[in-house]
Structure formats: structure tokens, C-alpha cells
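The values are calculated or read from the model by the stated rules, or taken from the named source; none is laboratory data. The structure presented is a predicted model; accordingly, all values stated were derived computationally and were not measured. So basically every Cβ, Gly included, is an ideal-geometry build from the backbone, and we count neighbours across all protein chains shown.
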Amino acid sequence: MGFTETPRTAQAGTVESMDCLVTISASGERRQIEISGGGVSRFRAAMEQKINQVLDGLGSSENIAISVQDNGAVDTVLGARVEAAYLRFRGVIDA
Amino acid sequence: MTLNAVNRDIPSNIEGYGNTGEKLFAGAFARNPEGCRASARIRSRGPNDGGKFLGSVREAIAASGLKSGMTISFHHHLRNGDFIVNQVLDECARAGIRDLTIFPTALFGVHKAMLPHIQSGVVRRIMGSVNGPVGQLVSLGGLEAPVVLRSHGGRPRAVIAGDVRIDVAFIAAPTADIGGNVSGRAGKSACGSLGYAFTDAEYADCVVALTDNLQHYPIAPISIPGIYVDFVVQVGSIGDPSGIVSGTTRVTRDPLRLLIARYASKLIEASPYFKDGLSFQTGAGGIPLAVTAFMKDAMKRRNVRGGFGLGGITGYFVELLKEGILKKLMDVQSFDREAVESISSDPRHIEISADWYANPWNCGAAVNQLDVVILGATEVDTDFNANVNTESDGALLHGIGGHQDTAAGAKLTIIAQPLLRGRIPCVVDRVHTVTTPGEVVDAIVTEFGVTVNPRRQNLIDACKEAKGKDAVPLVPLDELAERARRMSGPMTPVRQGDRVVGVVEWRDGTVIDVVRQIFPENISS
């Protein structure tokens, strides 16, 4: 059928209140982070720090883009969603 | 810059508002009125002067003498179903009228249609709440003059004291007769109480009633008599009924909010006010409504007969009236269909004006008789100051409503709120905007328990006396604030400009805080 290979993308989370939807896909650059939604105006720095901390902890060194659509997730939730999305991206766990 | 009594730096002169020197907030009950009430122009319509009936908004604008630079007022009883504000502004634009000050009792999402009129200069200034896209525009500095925010009681005070002179009041009237008598009780756009419109009708230099239900003279009952009304205009429709009244408001089923409501109810039960004649206001929010439900159980269990229910009235309050748990309802705004039906049929359900409801400068507003009020807030600080106006990104998106008035009037003012909204803490070291000063906030109730203002030692003692299943879980404020900090993590401060985009008046007309301009990258989307 001639499908071209789509870039690998993995997701975790929801857009429910106090949650976030994390999408990780292959990227040209190393670890691009994009955050939108509720927490941005007051928590961007804290969220970036958490995302980096989780990915570093998992030994991530590949070129990926992380997009977070936030609806008020606290750090523990954000960290869990990033971890799940990353492990799915790597194929370690099922989507 | 000078600090007011809640430690806010208020510029001594605010461009587009004026000098604040004599008008710095000095305490909840510090300022007293002087002199006489303001007055409206005397008009006369004799037996040979012809009728006051007009066939269109355009004719009414011409007949009213409305000119560029004037102040026009509206009530918000049609809420998000209102067609009148947009119709009047569209016609003003067509007639080439500009630089208007609009003075609504509140604005809703539907009024985003005024954006082009702000951009083109038809609307120069807003004195009243802003929200949605209009609020965003104002927050980003899109309006030259600052928005002036007043409470439901502060607004009629400003009119009666002469701070604001209304040139033309446009009153959306669900029912009217040819003589200008007006009522909100009947018609396809029925909204129940017309409480917010009364003072405007009495004090405006010209009053235009707009109706889609014109009846023979006289209608009965009458809310606003035709002696105040210059013109009656028949329009196709004043509003969309589905946006005017909501369906039945339901008690929340969210366990977290139910827990908060349970704690608030325990606090009320433990307080010295839980006795025969208990009066309260709870509004239409999820938590307050659940508190009402718990209180109803407690009142039945302990055989306490209530007094009156006040404020925005819901079907839930109507039920309490019918069951004899409350004896009277005092209604400035009927929220749902049940409330509209009840005010139309039950004489114990009383229509009151905003002046009567909440004005600090009359011989005794209804809020002064209130035992308990349950309120919300976007944030509360360690001085118990409450913010209901600005969001966590600093955007001015909410009006004051009756927050200040009921807090000042009630013997027990409770702010009931989850500790976090999303990741945003509702208890902080310093609120972004002070709407209501901590001296009139008695307790904060969250899912972690009840935090009583240390100014209210009697209440703390009463809570400690409650034992067993009536025990009230007390949490000191420091502990609550620390918990909020731990859960939410470090917050980046809001970047603000110097320009004042909003002035928050305390109900006595003094400046309690100002809202400053924010920038596009701030805004949470």
C-alpha cells in the first residue's frame, strides 16, 4: 500500500483536570520541551526541571521532542506521565 | 505610592481614575458618608405629552438624548442570555456615538461582541466586571482607562453618593406595560428578581425599558414603577432563555468537594450562630450548595428552624422555603427556573434591590442580618485576604459580586475551597489582588480541615468544644500554607507592567487594590 514510515510517537496522560497529556516524538534536536496549558504562566521552570530530572533518571540521551499539554498536574503526576510516555516511546512498555 | 490598610501600594493618581489620596482603603468599616444623596434630573410627563412607547432601540437612543462621552448602564439579570447590551452598543456605533462609559452591574461571555466597539472607540471605559475575551483585552492593556470594579453593594453606593452619574439606564424588561411599569417575573425571558436595576432606575437621568413582552397597563406585580421610566421600547427578543436561567443546580458529587462541604457544615454547627433564626447565603457553586444540603440535615437533626436565605437564590433555597426550614427568601437575583417560579408565586420570597441587599451606606442592608455566608476565592493569603478578581496568571477575569458585602455583613464568613486548583495553590503568602480584607474573613475550609482566623478566638474556642462526631478538624494557617507550597512547588512570579488596568474599590468607595497590566506570554491558555 506504500505507507511511508511515520515518525515514532508515544503518549501518556489525559486532559482531565489535575492531569497532563505528554507526547514524545523523534526530533532533529536533543530534548526539545514544549509546554502549554494551565501551569505555564507560573510553573514553566518547575515543570521543565521535573521533565529533565525524569528523563535524565531514565538515561535518555536521544533526540526527542516532549510536548506537555497541562491541565494543572502536580509534579508527581507530571513525572509519572513523562516516564510512561518515554518508556512507551522506547517500546519498553505497551501503549 | 502609599500603602493602604492591607499593605498595597496605591498610586496617588491613577490615570483615567483620579486622585486616590482621600480614598485609600483604611479598614472595612472606616469610611462614613457625608452630605446628601445624589439625585436624578426631574422629568415630567403630563396627560397631554403623548406616550412613552417607541418601536426601536435606535429611536430610544435618539429620544434619550444620548451623546458621545456619556455613561450608560445595564443590569445583568439576563446573564449569558442577554441581547440588550450588544444591541444598544451596535446602535450607538451606527449613530456615530463614541467614548461611552459603560456601567453594567456585570458582564458575561456573550458580551465579547463589544470587542470591536472597544477597539473602535465607541466604548472608552468600563465600570463593572470583565471576563473572557474582554477581560483578556483589558488585562493586556487594551483599554485606556482602568476598569473600575465595585461590589453589588458598592455599585449602588457609588450611584447614590454621586461617584457615578448615569446618563441613560437601559433596562431589559421581561415584562413591561405601556406606562413603563416593569417586572422580571413573567414573559419568555423571565428572570425573576430585577434587584440590580432598581437604583439605576431611580438615579439615571433617563431610563429606557426594553421589552419583548408588552402588556396592557398596568401589569401586576410591578418591580420598577413607570414613574421612573422615560421610554418603553418593544424589541423582538431581549434574550435567550437558555442563557438567562439555568436548569436545576445540582449538589456536587465530587468526594473532595463533599468533604470540604462537610467540614464547613461542622464549623457552622459548632458556631454560636447555629440556632433558631439562622440565616445564610450560599450562592450557586458546587461546594456552597453541598454545605446547604449538609446544613439542612443538621437543622432537621437538631431541630433548628432557620430564618431567611439571602442573595442569588437557587431552586435549592426554594426547597428549603417550601419545607419550612427557612421562613423567607430575600432575592436580588434568581438563578434558576425554580427560583423564578417561586418569586412569582410565593409572597415569602421577597424581591430586594442591590442597595437593600448590600449597600454599606444606607440605614441597614440585608447582609447585616446575615449569620453565615459561604464564599469561594481564587486565592487567600496568610493575612486571610481573599482574591476573587484575578487569576493565577494575573489576568483580571472576575467581578466582585457580593463577596465584600456579605463578608463584611455576615457574623460568620467562610471561604470554602480545595487547597489546589490544578497545580495552583489557593492559600498563598500574598494574594495577587486583595478583593476582601482578612479582617472580615473568619475561616478558610479546605479538604485538610478548618482554619479559623486568629482574630476570632471565640470561634476557635467553639470549635474546640465540639467533640466526638461533631468535632471540627482545625488546621493552623501556617501548616496549610506550607502544605500548599509543598504540593504545588515553586511558582514563578507574575510579570507585571506599571500601568493600572483595573481599580478594585472596597464597598465604601476606597481603593483596596489595583490590577496592573500583564503580558501575552503570561497568559495561561
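Could you check segment B:434-454 and list, in sequence order, the residues that are touching a residue at least 60 places away in the same chain (Cβ under 8 Å) and part of a loop (DSSP other than H, G, I, E, B)?
Across segment B:434-454, the qualifying residues are B:434, B:435, B:437, B:441, B:447, B:453.
If we scan segment B:134-147, do we find a residue that is surrounded by 21 or more Cβ atoms within 10 Å (Cβ to Cβ), touching a strand residue (DSSP E or B) at 6+ places or on another chain (Cβ under 7 Å) and farther than 24 Å from residue B:404 by Cβ?
There is no residue in segment B:134-147 that is surrounded by 21 or more Cβ atoms within 10 Å (Cβ to Cβ), touching a strand residue (DSSP E or B) at 6+ places or on another chain (Cβ under 7 Å) and farther than 24 Å from residue B:404 by Cβ.
Among (1) in a helix (DSSP H, G or I); (2) in contact (Cβ under 8 Å) with a residue 12 or more places away in the chain; (3) surrounded by fewer than 21 Cβ atoms within 10 Å (Cβ to Cβ), where does residue B:496 come up short?
Condition not satisfied by residue B:496: (1).
Given the conditions (1) touching a residue at least 60 places away in the same chain (Cβ under 8 Å); (2) not assigned by TED's automatic domain parsing to the domain that holds residue B:232, report the number of the one that residue B:74 does not fulfil.
Condition (2) is where residue B:74 drops out.
Which condition from (1) among the acidic types (Asp, Glu); (2) touching a strand residue (DSSP E or B) at 6+ places or on another chain (Cβ under 7 Å); (3) within 14 Å of another protein chain (Cβ to nearest Cβ) is the one that residue B:447 breaks?
Here residue B:447 meets the rest and fails (2).
Pull up segment B:1-29, narrow it to residues that are in contact with a Ser or Thr (Cβ under 8 Å, 6 or more places away or on another chain) and assigned to a loop (DSSP other than H, G, I, E, B), then point me to the one that is nearest to residue B:154 (Cα to Cα).
Going through the qualifying residues, I end up with B:25.
Taking the stated definitions as given, is residue B:423 under 23 Å from the mean Cα position of the chain (by Cα) and crowded, with 20+ Cβ neighbours inside 10 Å?
It is false that residue B:423 is under 23 Å from the mean Cα position of the chain (by Cα) and crowded, with 20+ Cβ neighbours inside 10 Å.
Can you name the condition, by its number, that residue A:94 falls short on among (1) within 10 Å of chain B (Cβ to nearest Cβ); (2) surrounded by fewer than 14 Cβ atoms within 10 Å (Cβ to Cβ); (3) not basic (Lys, Arg)?
(1)
Any residue that is touching a residue at least 40 places away in the same chain (Cβ under 8 Å), surrounded by fewer than 23 Cβ atoms within 10 Å (Cβ to Cβ), within 14 Å of chain A (Cβ to nearest Cβ) and in contact with a Phe, Trp or Tyr (Cβ under 8 Å, 6 or more places away or on another chain) - is there at least one of those in segment B:473-484?
yes
Return yes when residue B:460 is among the hydrophobic types (A, V, I, L, M, F, W, C), surrounded by fewer than 24 Cβ atoms within 10 Å (Cβ to Cβ) and away from chain A (no Cβ under 14 Å) and no when it is not.
So residue B:460 fits the description; yes.
Scan segment A:47-72 residue by residue and report those that are within 14 Å of chain B (Cβ to nearest Cβ), of a type in the set (S, T, N, Q) and part of a loop (DSSP other than H, G, I, E, B).
Of everything in segment A:47-72, just one residue is within 14 Å of chain B (Cβ to nearest Cβ), of a type in the set (S, T, N, Q) and part of a loop (DSSP other than H, G, I, E, B), namely A:71.
Just to be sure, is residue B:341 surrounded by fewer than 22 Cβ atoms within 10 Å (Cβ to Cβ) and touching a residue at least 40 places away in the same chain (Cβ under 8 Å)?
no
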